[in-house]
1. Could I have the simple spin-label model distance between Leu16 and Thr49, label points 7 Å from Cα toward Cβ, reported in nm to one decimal?
2. For percent of Cα pairs over 13 Å apart, several values are listed as (i) 68; (ii) 81; (iii) 64; flag the one computed from this structure.
3. For the pair Leu73 and Phe33, how long in nm is the line joining their label points, each one 7 Å along Cα→Cβ?
4. Calculate the length of the line joining the C-alpha centroid of region 34-74 to that of region 1-28, in whole Å.
5. Kindly provide the helix-only [θ] at 222 nm of the chain, computed as the sum of -39,500 (n - 2.57) over DSSP H runs of four or more divided by all residues, to the nearest 500 deg cm²/dmol?
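Bear in mind that the values in this text are calculations on the coordinates, not laboratory data. All of these numbers come straight from a predicted model, not from anything done at the bench. For neighbour counting, all protein chains shown are included, and Cβ atoms are generated from backbone atoms with ideal geometry for every residue, glycine included.
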Amino acid sequence: MTGQWMTDPLFWLAALPALAASGLLFQMILSLFTCCGTFRLRGRTVRLTWWMIPVTGGVCGLLWTVAVGYALLG
């Protein structure tokens, strides 16, 4: 593996959504410790439901797998 993946725009097309999903997942997990279980998405308050964290975690894992797979194999 060389250092060329850092400058590859296709890697960043895969990594930026993974970073966004990671930030959203982090915000959802932190909202578990608030009194009303809400987080902010695009300026709106969203109430956390039971399925949001597992789905976001799965999407986040899939996006990171694609980004790392592209960096290793591409």
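1. In this crude label model, Leu16 to Thr49 measures out at 3.0 nm.
2. The value computed from this structure is option (i).
3. A separation of 3.8 nm, rounded to one decimal place.
4. Between the Cα centre of region 34-74 and that of region 1-28, the gap is 13 Å.
5. Details: 2 runs with 45 residues, N = 74.
Computed mean residue ellipticity for the chain: -21500 deg cm²/dmol.
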